[in-house]
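Structure, as structure tokens:
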Amino acid sequence: MKLSTLKPAEGSLKNNGKRKGRGQGSGKGGTSTKGHKGAQSRSGYSQKFGFEGGQMPLQRRVPKFGFKNINRIVFLGINLDAIQKLVEKTKLSTIDSEALINNGLAHKKDKIKILGRGELKAKVDIKVHAFSATAKAAIESKGGTATTI
């Protein structure tokens with residue numbers, strides 16, 4: 001293989017042969033195929049995203065619906081199977097938000113809610129912000145306590 005024989009891959013380069021703005025004799029001179037005047041003929045022109053030529057854009061034609069509740073409280077859900085793994089790993093009998101943060105299950109500012117997926121085998125006292133009904137029942141059936149802070 002020689003450097004003088006290297007070629008781009010077949011089909012990787014496009015050569016449409018239109019050299020615009022190179023004089024009247026080329027057939028693509030004058031306005032350089034951009035038509036006469038107007039924003040689209042100017043240099044630096046870029047169309048706004050969603051612009052439809054002055055027609056009312058789709059995102060403004062379609063009606064708005066729904067709302068965002070600014071008073072919504074967002075909880076970080078932690079399931080019972082994750083609590084069981086934590087108990088097996090650390091041998092804790094009481095779990096609070098600080099223990100969950102230290103073990104990487106939650107962040108400092110999270111509000112934590114215990115959810116009922118999985119099975120809890122150990123007796124554990126848990127102190128967090130909220131519990132689902134199934135999680136609370138599962139914790140108390142094993143002799144533990146579910147305390148809301």
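Of all residues being of a type in the set (Val, Ile, Thr) and over 27 Å from the mean Cα position of the chain (by Cα) in the stretch 77-112, which is farthest from residue 132 (Cα to Cα)? Just the residue, please. Don't jump to the end; show me each part of the working.
Just the residues of the stretch 77-112 that are of a type in the set (Val, Ile, Thr), to begin with: 78, 83, 87, 90, 94-95, 101, 112.
Checking which are over 27 Å from the mean Cα position of the chain (by Cα) leaves us with 87, 90, 94-95.
Working: 87: 19, 90: 24, 94: 18, 95: 16 Å.
Checking each candidate, the answer is 90.
Scanning for something hydrophobic (A, V, I, L, M, F, W, C), at pLDDT below 90, over 30 Å from residue 103 (Cβ atoms) and out of contact with any Leu (no Cβ under 7 Å at 6 or more places or on another chain), does the stretch 36-54 turn up at least one residue? I'd like the intermediate steps shown before the answer.
Taking the stretch 36-54 and keeping what is hydrophobic (A, V, I, L, M, F, W, C), we get 39, 49, 51.
With the extra rule that they be at pLDDT below 90, the set shrinks to 39.
Add one more test, that the residue is over 30 Å from residue 103 (Cβ atoms), and what stays is 39.
Narrowing the set further to residues that are out of contact with any Leu (no Cβ under 7 Å at 6 or more places or on another chain) leaves 39.
Yes, the stretch 36-54 contains a residue that is hydrophobic (A, V, I, L, M, F, W, C), at pLDDT below 90, over 30 Å from residue 103 (Cβ atoms) and out of contact with any Leu (no Cβ under 7 Å at 6 or more places or on another chain).
Step by step: first the residues of the stretch 117-143, then only those that are touching a strand residue (DSSP E or B) at 6+ places or on another chain (Cβ under 7 Å) and of a type in the set (Gly, Ala, Ser), then the one that is nearest to residue 75 (Cα to Cα). Which residue is that?
130
For every residue, the table says whether it meets (1) within 30 Å of residue 18 (Cα to Cα); (2) of a type outside the set (Gly, Ala, Ser); (3) in contact with a Ser or Thr (Cβ under 9 Å, 6 or more places away or on another chain).
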| residue | (1), (2), (3) |
| --- | --- |
| 40 | yes, yes, no |
| 44 | yes, no, no |
| 55 | no, yes, no |
| 86 | no, yes, no |
| 92 | no, yes, no |
| 101 | no, yes, no |
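The values are calculated or read from the model by the stated rules, or taken from the named source; none is laboratory data. Source: prediction; values computed, not measured. All Cβ positions, even for glycine, are placed from backbone atoms using ideal geometry, and neighbour counts span all protein chains on display.
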